[in-house]
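Undergrad: My structure is below; once you've seen it, I'll send some questions.
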Amino acid sequence: MKILLLCLTFTTLIFSNMRMYVSHNSAISTITLQEIKNLYLKKTTLLHNKKVTVYDNKESYSRFSQMILKKKDGAMHAYWMKQIFLGKNVPPRKIPSSHILTILNQDHQAIIYSDKLIDAKVIYVHQ
């Protein structure tokens, strides 16, 4: 019973982390929490003086918004509606988890988050 409980706890810890991923071929190796916020709120499109493209993960969107951006779904919706209305920006394109590797392999400037382990370069882990 203790082993089962330990395994469940370990599994929860592994999958409770939000990770930022880039292509294995990307020159990007690290990112700060503030840089993530700036990129995902489209306050900048540059990371380390290089243009990047951010994507939202459909399955992890709500958790990412609350955990990283500190905004609930309604607040995120309102933020993007205001940005669109003012003609400033549009939200990042949302893609399903099943397409993450395809995007990363095609676009070496792409950055995406997931709470699942995938075969890509991890540049940030938020617990």
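The values are calculated or read from the model by the stated rules, or taken from the named source; none is laboratory data. Predicted model, so just to flag it, every value in this text is computed and none were measured. A quick note on method: Cβ atoms are made from the backbone with ideal geometry, for glycine too, and the neighbour counts reach across all protein chains shown.
Undergrad: Specify which of the listed residues (Asn57, Asn105, Asn89) is within 15 Å of Met20 (Cβ to Cβ), of a type outside the set (Lys, Arg) and surrounded by 12 or more Cβ atoms within 10 Å (Cβ to Cβ).
TA: Every option except Asn57 fails the conditions.
Undergrad: Scan region 67-95 and report the pairs whose first residue is in a loop (DSSP other than H, G, I, E, B) and whose second residue is among the acidic types (Asp, Glu), with Cβ atoms within less than 8 Å and a gap of 6+ or a chain change.
TA: Pro91/Asp56; Pro92/Asp56
Undergrad: Here is a check on your reading of the model: is Ala27 out of contact with any helix residue (DSSP H, G or I) (no Cβ under 6 Å at 6 or more places or on another chain), at pLDDT below 95 and surrounded by fewer than 14 Cβ atoms within 10 Å (Cβ to Cβ)?
TA: yes
Undergrad: Sticking with this one: Look at Ile84 and say whether it is modelled with pLDDT of 95 or more and crowded, with 16+ Cβ neighbours inside 10 Å.
TA: Spelling it out, it is not the case that Ile84 is modelled with pLDDT of 95 or more and crowded, with 16+ Cβ neighbours inside 10 Å.
Undergrad: Evaluate the following for Lys121: is it under 15 Å from the mean Cα position of the chain (by Cα) and farther than 17 Å from Ser60 by Cα?
TA: So Lys121 fits the description; yes.
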